[in-house]
Amino acid sequence: MDNNGALLQNLDRLHTTALGLERIRRNLSLDTEDAVEWCRGKIRSPEAQIERRGKNWYICIENCVITVNAASYTIITAHRTKSRIE
């Protein structure tokens, strides 16, 4: 994994836009008002798989992918992953 410490050390800078907030809530079917705090909790989890690809961080946990801009720490989107039958 690519220097996950940078993301974890800057979780206090994590934020999103008004449209991002609605997109995250809709995509994940969240009932919470504070989707940013929900994402922070998921990113902090020891089970979170964090990978940096290009300008974004991708955090995979519990069938969700959270996308965060690496420069601004803006949550761009979050969505459920499709489960695969193997």
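The values are calculated or read from the model by the stated rules, or taken from the named source; none is laboratory data. All values derive from a computational prediction rather than experimental measurement. Every residue, glycine as well, gets a Cβ built from its backbone with ideal geometry; the counts of neighbours run over all protein chains shown. To get the accessible areas, we keep the full protein, side chains included, count just its heavy atoms, and leave off ligands, DNA and RNA. Shrake-Rupley method; radii C 1.70, N 1.55, O 1.52, S 1.80 Å.
If we scan the range 28-40, do we find a residue that is in contact with a Ser or Thr (Cβ under 6 Å, 6 or more places away or on another chain) and of a type in the set (Lys, Arg)? No, every residue in the range 28-40 fails to be in contact with a Ser or Thr (Cβ under 6 Å, 6 or more places away or on another chain) and of a type in the set (Lys, Arg).
Each row is one residue, and each column tells you yes or no for (1) small (Gly, Ala, Ser); (2) modelled with pLDDT under 95; (3) in contact with a Leu (Cβ under 9 Å, 6 or more places away or on another chain).
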site	(1), (2), (3)
Ala6	yes, yes, no
Arg13	no, no, no
Gly20	yes, yes, no
Arg23	no, yes, no
Ser29	yes, yes, no
Trp38	no, no, yes
Lys42	no, no, no
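Elements of the type strands (runs of 3 or more DSSP E) sitting completely within the chain and holding at least 2 residues that are open to solvent by 40 Å² or more (accessible area, probe 1.4 Å) and in contact (Cβ under 8 Å) with a residue 40 or more places away in the chain: these cover 49-53, 75-80.
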